[in-house]
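Data first, discussion second: the structure below is written as structure tokens.
What follows draws every value from the coordinates through simple rules; no lab data is involved. If you're wondering where the values come from, they're calculated on a predicted model, not measured in any experiment. Here the Cβ positions follow ideal geometry from the backbone for every residue, glycine too, while neighbour counts run over all protein chains shown.
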Amino acid sequence: MAKNNWNTVLYEGKHEFVWKYGEEVIELLAPQPGEYILDLGCGTGQLTDKIAATRAKVTGIDRSKEMIIKAKKNYPQLNFAVADATKFTLEQPLDAVFSNAVLHWIKRPEAVINCIQQALKPGGRFVAQFGGKDGVKQILQALTETLANSGYGVATNPWYFPSIGEYTSLLEKHGLEVTYAHLFDRPTPLESGDAGLPNWLKMFAGSFVSRLSTEEEKEIIEQVVTKLKPILYSDGIWTADYRPIRIMAVKCLN
Ligand SMILES: C[S@@+](CC[C@H](N)C(=O)[O-])C[C@H]1O[C@@H](n2cnc3c(N)ncnc32)[C@H](O)[C@@H]1O
């Protein structure tokens, strides 16, 4: 199982719901022709392309070289670069920073917010969606308990799922005024069939089991699936207990 090495084939093939839900957040962003916009953690570029379709001047950055190679292949006419959200700088001041399904992967939120603040023009907006407080709680609990009982060592949780209060306070601390914040339950159907949850675990929960042997990993996944089946599986569909947070904030004028 991959750690946080992004498997672009599995991502594009089985997890397109990630960027499909992100399309709603582009409405909140409301990109305008000619605006300079950054797609932070652009993955394989599908939402970068949607933003570009509004005739905004968009650039996508991502820490994963594999994701950027695939994004460039998918959309050769767009700008993409490998860069880390915790330490990027840009020459062109931005009208907006957009980010979908990225920020819960980064455990140093203030480093990211600081970079975003520096990159925006005064009055520029930051619009993001990512995992919020108690996101995938049942899956997380099943993984943690199963690993604890297995004797294979403790789980390494890769996610940061803040509450509205926590995250908006960080934005305010860094000179961004919050104009919209919404945390909500979004039960999310995974790819249909029995493989829905195992494939989701392979794609997104690799770091929980990265230190295990292939056999141990298989055993853990089977136990997690058995534990969660009565709760998250119905009529041939696995449903993940996502809780996204959507945020819009504006860089203060002074
Ligand atoms: C679930 S994907 C979402 C991709 C895209 N935004 C979408 O909606 O399809 C998460 C992305 O966050 C990127 N990512 C994780 N940590 C990052 C960091 N520190 N800096 C930049 N990108 C990061 C990953 O490489 C991955 O492409």
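Quick notes on this structure:
- Extended-chain gain in nm, criterion 0.36 nm per residue less alpha-carbon gap, Thr239 and Lys65: 59.6 nm
- The angle between the Cα long axis of helix 137-150 and the longest principal axis of the Cα atoms of the chain comes to about 50 degrees, rounded to the nearest 10.
- Assuming charge only on the beta carbon of Lys and Arg (+1) and of Asp and Glu (-1), the dipole of the chain about its Cα centre is about 540 debye to the nearest 20.
- For segment 177-254: rounded, prolate or oblate by the Cα gyration tensor [a/c cutoff 1.5]: oblate
- Working ranking of peptides 66-79, 48-61 by packing, defined as the average number of other Cβ atoms within 10 Å per residue, highest first, is 48-61, 66-79.
- Between Leu10 and Thr214, the distance separating the two model label sites (each 7 Å from Cα on the Cα→Cβ line) works out to 1.4 nm.
- Here the residues Val209, Val102, ranked from fewest to most Cβ neighbours within 10 Å of their Cβ, fall in the order Val102, Val209.
- Pairs over the 21 Å Cα-Cα cut-off, from the set Lys173/Lys251; Lys57/Lys133; Lys133/Lys218; Lys72/Lys202: Lys57/Lys133; Lys133/Lys218; Lys72/Lys202.
- Of the residues Leu90, Asn149, Gly175, the one whose Cα sits farthest toward the positive end of the charge dipole of the chain, with +1 on the Cβ of Lys and Arg and -1 on the Cβ of Asp and Glu, is Leu90.
- Rounded to the nearest 10 degrees, the inclination of helix 65-74 to the longest alpha-carbon principal axis of the chain is 70 degrees.
- Projected label distance in nm at Gln92 and Phe184, using a 7 Å step from Cα toward the beta-carbon: 3.3
- The length gained on full extension between Asn74 and Thr144, counted as 0.36 nm times the residue separation minus their Cα-Cα distance, comes to 21.5 nm.
- Near Ile231: Cβ cut-off under 12 Å, other residues only, Lys/Arg at +1 and Asp/Glu at -1. The net charge is +2.
- Leading residue at positive end of dipole, the chain (Cβ point charges), from Ser213, Phe17, Asn74: Asn74
- Around Ala249: net Lys/Arg minus Asp/Glu count, Cβ-Cβ under 13 Å: +2
- C-alpha long axis of helix 214-232 to longest principal axis of the chain, angle in °: 80
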